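One structure below.
The values are calculated or read from the model by the stated rules, or taken from the named source; none is laboratory data. Here the structure is a predicted model, which means the values were calculated and not measured. No Cβ is skipped: glycine too gets one built from the backbone with ideal geometry, and neighbour counts run over all protein chains shown. For accessibility, only protein heavy atoms count, side chains too; no ligands or nucleic acids. Shrake-Rupley method; radii C 1.70, N 1.55, O 1.52, S 1.80 Å.
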Amino acid sequence: MKRIALLIIPLLPLLLASCHKEQHFITDDAYRAQVHTDFEARKVLAAGRAEQLFDGMDTLDMATREALEFLYAYMPYSDLADYDQAFYLQQVRAAFAARERFAWGDKVPEDIFRHFVLVYRVNNENLDSARMLMQRELAPRVEGLSMYDAALEVNHWCHEHVAYRASDSRTSSPLATMRTSLGRCGEESTFAVTALRSVGIPARQCYTPRWAHCDDNHAWVEVWIADSGANGLGRWYFMGACEPDAELDMGWFAVPSTRCMMVHSNAFGRYRGSEEVNFAGSLYSKINMLGNYAPTRKVTVTLRDAQGAPVRQGHVKFKLYNYSEFYPLADVATDAQGRATLTTGLGDLLIWADDGTHYQYAKLDVRESDTLTLYLTREKGNEYAETFDIVPPEAGKAKVTPSDEKAARNAQRIAYEDSVRAAYVATFPDRQQALELVGSAAITTHTYTADQIWELIHKSEGNYIEIAEFMRNNFIARAHEHYYDYLKSFSDKDLRDISCETLEEHITGWEDYSGWSGVDSRRNISYEVYRKGIMPARVSNELVRPYRAMLNEELTKAGVNDVNSLKTWILKNIAVDDTGNYYNCPISPCGVFELRHSDAHSRDIFFVAACRSLEIPAYLDNATNVLYVWDGKRWMSVTFEEHEAVQPSAMLTLTYRPTAQLQKPTYWVHFSLAKYENGDFVTFDFEDDERMNSFPAKLPLEPGYYCLTTGNRYPDGEVLVHREFFNVTDGERVTKAIVLRPLTERRSDRQGSIDPNLPIVEDMATLADYAGETGMLFVFLGDYREPSKHLVKELQSLRKEYAAWGGMIYLAAPAAAQAPSWKLPNTDCFIVPDGQRDPFEKRIVEALKLDFANDYPLVALVDKRGTILFHSQGYSIGLAEQILKATP
């Protein structure tokens, strides 16, 4: 026994040392070495911010240091430029705390945790400390639940705080979305993924970049749930973000997603998951999850040159019609045999291929064929017109149907959560409170009118304290300062998340003592030039941050004092590539200055911000992506390309002949314009642009090769496409007509009828009375989720057209929707109690023999004989216009 004891005693120090040995965060030696190598390269790239990012990392414990190295090695330029180590340490420690605290933490595999829990970014949102707040809020609600039930509970919490509303393309931070209580689908899914990760549940944002059966796109959430055993196995489920259902693998998009041609997600870092990868880079991968939702087929495209030889490293773009353009779902480089492959849905695609000089394209019906060979023989300049049809995939069925009991219980929770959120929104100030917040001095000094104060405070919603403080502080501080115009230069979303401090940093001062129409005595520019080129803090789609003082000081020290010296400084000091900032979240102007690395778009934002900081009027035309500066007499374009800037010297006039179905076409909805650049056409963004407000529309253009695309869509999703390719030369005046191919009448396979003598309201007018000679429209909104909200927005935008039609609208909606406030023409609103159905909804479903699984909105156009002339169910952008086309 003594001998055995003597043998054990020398081993004790080793055993004790092993108990205190630091644990690796990345246990795979080869992968850890790769991460460290990538991190070291990133340190060199971000040397301009070394102190803010890397100081003191050697003092961290091993796991924290490795996790931080992983984040630094692969984060986009925006995150290296605009945040510091303290922020990322918070994120790492919160992720580790969640893994330790919650019962499912040890069931999540290391790689799943690394890519889908640890990572602080979801997509292109502005970053904040939401993870920490959410973890505090959610921990008591999910502890003790299974991982599956915890995911459902997190989504209920999200719905208490955020509901759907369409907005502009800039993605708010989670806390900014929470402050205003509303967000578009990209913001809702960013919010929900952040909440799920905060409690250690792996989550990722999924996108169908474009729908096949209608315009627009959608984002939702997938969560990884461990199997019941401790085997490290599990699978991904989907859910509607901030739209809780009774079970996972449910959502209003469950049926529309069966018609998708692509569903994908970004995976941060070097990803080695089991999913098919559309793109694998050194910083991130784009993974293809379409097989989770829709029938698929792998397509192979082969490129050959004019002599028939394979084209290696050519570009193959798999394009889908949406919003009057052909949008690339994936851009795949060809291999040594000239082949590129993609798994996609069973519908029509336009395959576009180029080698930078020559190109070719063809329509591919994936239902009929999975191979295509293209010979790159086209060159820019050929003028011609073409027509063809695009047919989307057929719809499938939803995966999961909950029990009646679970559905009813879920509906009750949703109603309660709506009331919680409504109670929060009710705390926003009304008109009288807004005037009191800002104070009477702002009105008596004629800085703002009472209507202007209410307009701005009302738009600021949950950010009203910041906007009110700015308005209180800035009403007479500088003579002739046009504060209202200044605040109006910000977007509605800016007003909902900008700080008073940032607003005050960007006040520049208008020094015209002779009146509104005079000239600034210091800058020698008109007020219109000032308002367009110096006053705005915003340049494009970036988060507005302070930059004027810093850039003015630093660039002045560097000897920059005019456009030429600024352009020279940028070309010398800012390295530009379009791969490092892969989430496309714009880098702040100060971030570009410090990091000295940028994508082209952030460089252009920096250029305009720097000009304005140096009192040089400048702007970025966000429709055409052309930079302009004021030369004292006119706006001149600027480029960072090797060639000199080409001034828009040609004029394109777009004409349109009104029809009974469409009086005026809308950009994106009905047509788009694109210019040929580097092997493909790049579409301009004239959405809400005043140049497209009326026809004929006149557009100054640079000389080049252009494509005008129009599309007219049937209710089933098929599109009639017309495209015209044409040249515009220097100084030329060109006129082109917007041609929409007419839809032919199609009799529905499911046309039915209901009794025209049924009373709309008991003892009052019948359906036949309501319909009259115009027909009438039934609209059933169900539980008023995103698809129904889209339809309401469309109906509101077409008020004049519906008033001109003159038919009655029977609108059934839940009380929470507040339908009477929408003020739709000729509309009677009927409140449907929670959990119940409108009686006419039941009759229409029965008459059409629909397989109806709550895929709202449900609409039916009915004539005075009770014949159903048109119907639609589920998500369909452009539905309000389709209804008008079907009216008698």
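List the pairs whose first member sits in region 379-393 and is on the phi > 0 side of the Ramachandran plot, whose second member is among the hydroxyl-bearing types (Ser, Thr, Tyr), and whose Cβ atoms are under 8 Å apart, counting only residues at least 6 apart or on separate chains?
So the pair list comes out as Gly381/Tyr705.
Out of (1) in a loop (DSSP other than H, G, I, E, B); (2) surrounded by fewer than 22 Cβ atoms within 10 Å (Cβ to Cβ); (3) more than 23 Å from the chain's Cα centre (by Cα), the odd one out for Glu153 is which?
Glu153 satisfies every listed condition except (1).
How about region 280-319: which of its residues are loosely packed, with under 14 Cβ neighbours inside 10 Å and more than 27 Å from Thr208 (Cβ to Cβ)?
If the condition is that a residue be loosely packed, with under 14 Cβ neighbours inside 10 Å and more than 27 Å from Thr208 (Cβ to Cβ), then Ala306, Gln307, Gly308, Ala309, Gln313 are the ones that fit.
If you take the residues of region 517-555 that are among the basic types (Lys, Arg) and modelled with pLDDT under 90, which of them is surrounded by the fewest Cβ atoms within 10 Å (Cβ to Cβ)? Steps first, answer last, please.
Here is the first cut: in region 517-555, the ones among the basic types (Lys, Arg) are 522-523, 531-532, 538, 545, 548.
Narrowing further to those that are modelled with pLDDT under 90: 522-523.
Working: Arg522: 11, Arg523: 20.
Ranking the qualifying residues of region 517-555, first place goes to Arg522.
Within region 367-390, can you find the residues that are acidic (Asp, Glu) and open to solvent by 60 Å² or more (accessible area, probe 1.4 Å)? Before you say what the answer is, go through the steps one by one.
First, the residues of region 367-390 that are acidic (Asp, Glu): 368, 370, 379, 383, 386, 389.
Selection gives Glu368, Glu379, Glu383.
Out of all the residues in region 320-338, which are surrounded by fewer than 19 Cβ atoms within 10 Å (Cβ to Cβ) and over 18 Å from the mean Cα position of the chain (by Cα)?
Asp331, Ala333, Asp335, Ala336, Gln337
Under 7 Å between Cβ atoms, which residue pairs at least 6 apart in sequence (or on different chains) link something in region 349-361 that is in a strand (DSSP E or B) with a partner that is polar (S, T, N, Q) and open to solvent by 10 Å² or more (accessible area, probe 1.4 Å)?
Ala353/Gln360; Gln360/Thr377
For region 40-110, please list each of the helices (runs of 4 or more DSSP H) lying entirely inside it that holds at least 2 residues being crowded, with 21+ Cβ neighbours inside 10 Å and either in contact (Cβ under 8 Å) with a residue 40 or more places away in the chain or not aromatic (Phe, Trp, Tyr) (or both).
On the way: elements: 50-54, 62-74, 77-82, 85-101.
Filter on region 40-110 gives 62-74, 77-82, 85-101.
Condition (residue is in contact with a Phe, Trp or Tyr (Cβ under 8 Å, 6 or more places away or on another chain) and in contact (Cβ under 8 Å) with a residue 24 or more places away in the chain) applied to region 334-343: is it met by at least one residue?
The answer is yes, given that some residue of region 334-343 is in contact with a Phe, Trp or Tyr (Cβ under 8 Å, 6 or more places away or on another chain) and in contact (Cβ under 8 Å) with a residue 24 or more places away in the chain.
Out of curiosity, is Asn123 surrounded by fewer than 21 Cβ atoms within 10 Å (Cβ to Cβ), out of contact with any Leu (no Cβ under 6 Å at 6 or more places or on another chain) and within 30 Å of Pro715 (Cβ to Cβ)? Outline the logic, then answer.
On the way: surrounded by fewer than 21 Cβ atoms within 10 Å (Cβ to Cβ): yes; out of contact with any Leu (no Cβ under 6 Å at 6 or more places or on another chain): yes; within 30 Å of Pro715 (Cβ to Cβ): no.
No.
Evaluate the following for Phe279: is it part of a strand (DSSP E or B), more than 30 Å from Trp104 (Cα to Cα) and at pLDDT below 95?
On the way: part of a strand (DSSP E or B): yes; more than 30 Å from Trp104 (Cα to Cα): yes; at pLDDT below 95: yes.
When the stated conditions are applied, Phe279 passes them.
Pick out the one residue from Asp828, Asp851 that is among the acidic types (Asp, Glu), in contact with a strand residue (DSSP E or B) (Cβ under 8 Å, 6 or more places away or on another chain) and open to solvent by 10 Å² or more (accessible area, probe 1.4 Å). Full working, then the answer.
Working: Asp851 fails: in contact with a strand residue (DSSP E or B) (Cβ under 8 Å, 6 or more places away or on another chain).
The match here is Asp828.
Would you say Ala768 is of a type in the set (A, V, I, L, M, F, W, C), outside any strand (DSSP E or B), modelled with pLDDT of 90 or more and open to solvent by 40 Å² or more (accessible area, probe 1.4 Å)?
Values: of a type in the set (A, V, I, L, M, F, W, C): yes; outside any strand (DSSP E or B): yes; modelled with pLDDT of 90 or more: yes; open to solvent by 40 Å² or more (accessible area, probe 1.4 Å): no.
For Ala768, the condition - of a type in the set (A, V, I, L, M, F, W, C), outside any strand (DSSP E or B), modelled with pLDDT of 90 or more and open to solvent by 40 Å² or more (accessible area, probe 1.4 Å) - is not met.
Identify the single condition in (1) in contact (Cβ under 8 Å) with a residue 60 or more places away in the chain; (2) open to solvent by 10 Å² or more (accessible area, probe 1.4 Å); (3) in a strand (DSSP E or B) that Ala674 does not satisfy, given that it satisfies every other one.
Failing condition for Ala674: (2).
How many of the residues making up region 183-227 are open to solvent by 10 Å² or more (accessible area, probe 1.4 Å), hydroxyl-bearing (Ser, Thr, Tyr) and under 14 Å from the mean Cα position of the chain (by Cα)?
Summing the residues that are open to solvent by 10 Å² or more (accessible area, probe 1.4 Å), hydroxyl-bearing (Ser, Thr, Tyr) and under 14 Å from the mean Cα position of the chain (by Cα) in region 183-227 gives 1.
Consider Leu364 carefully, then state whether it is under 25 Å from Ala395 (Cα atoms) and open to solvent by less than 60 Å² (accessible area, probe 1.4 Å).
Details: under 25 Å from Ala395 (Cα atoms): yes; open to solvent by less than 60 Å² (accessible area, probe 1.4 Å): yes.
In short, yes.
How many of the residues making up region 793-825 are modelled with pLDDT of 90 or more, of a type in the set (A, V, I, L, M, F, W, C) and open to solvent by 30 Å² or more (accessible area, probe 1.4 Å)?
So the count comes out to 5.
Is region 601-621 home to any residue that is within 30 Å of Ser265 (Cα to Cα), of a type in the set (Asp, Glu) and touching an Asp or Glu at 6+ places or on another chain (Cβ under 8 Å)?
No, the conditions are met nowhere in region 601-621.
Going residue by residue through region 436-457, is there one that turns out to be out of contact with any helix residue (DSSP H, G or I) (no Cβ under 8 Å at 6 or more places or on another chain), modelled with pLDDT of 90 or more, of a type in the set (Ser, Thr, Tyr) and at negative phi?
No - not one qualifying residue is present in region 436-457.
If you take just the strands (runs of 3 or more DSSP E) that sit entirely in region 815-888, which of them hold at least 2 residues that are closer than 24 Å to Asp216 by Cβ, touching a helix residue (DSSP H, G or I) at 6+ places or on another chain (Cβ under 9 Å) and β-branched (Val, Ile, Thr)? Don't jump to the end; show me each part of the working.
Values: elements: 827-831, 858-862, 868-873.
In region 815-888, there are no strands (runs of 3 or more DSSP E) which contain 2 or more residues that are closer than 24 Å to Asp216 by Cβ, touching a helix residue (DSSP H, G or I) at 6+ places or on another chain (Cβ under 9 Å) and β-branched (Val, Ile, Thr).
What are the pairs, 6+ residues apart or on separate chains, where a residue within region 851-868 that is closer than 17 Å to Ala812 by Cα and of a type in the set (Ser, Thr, Tyr) has its Cβ under 8 Å from a residue that is open to solvent by 10 Å² or more (accessible area, probe 1.4 Å) and part of a strand (DSSP E or B)?
Tyr856/Gln873
Looking at region 811-831, is at least one residue free of Cβ contacts under 8 Å to residues at least 24 places away in the same chain, out of contact with any Cys (no Cβ under 9 Å at 6 or more places or on another chain) and aromatic (Phe, Trp, Tyr)?
Yes - at least one qualifying residue is present in region 811-831.
Which one of these is within 30 Å of Arg523 (Cβ to Cβ) and buried (at least 17 other Cβ atoms within 10 Å of the Cβ): Val646, Val638, Val669?
On the way: Val646 fails: buried (at least 17 other Cβ atoms within 10 Å of the Cβ); Val669 fails: within 30 Å of Arg523 (Cβ to Cβ).
None of the others qualify; the one that does is Val638.
Filter region 677-687 down to the residues that are open to solvent by 30 Å² or more (accessible area, probe 1.4 Å) and at positive phi and list them by number.
Matches in region 677-687: Asn678 only.
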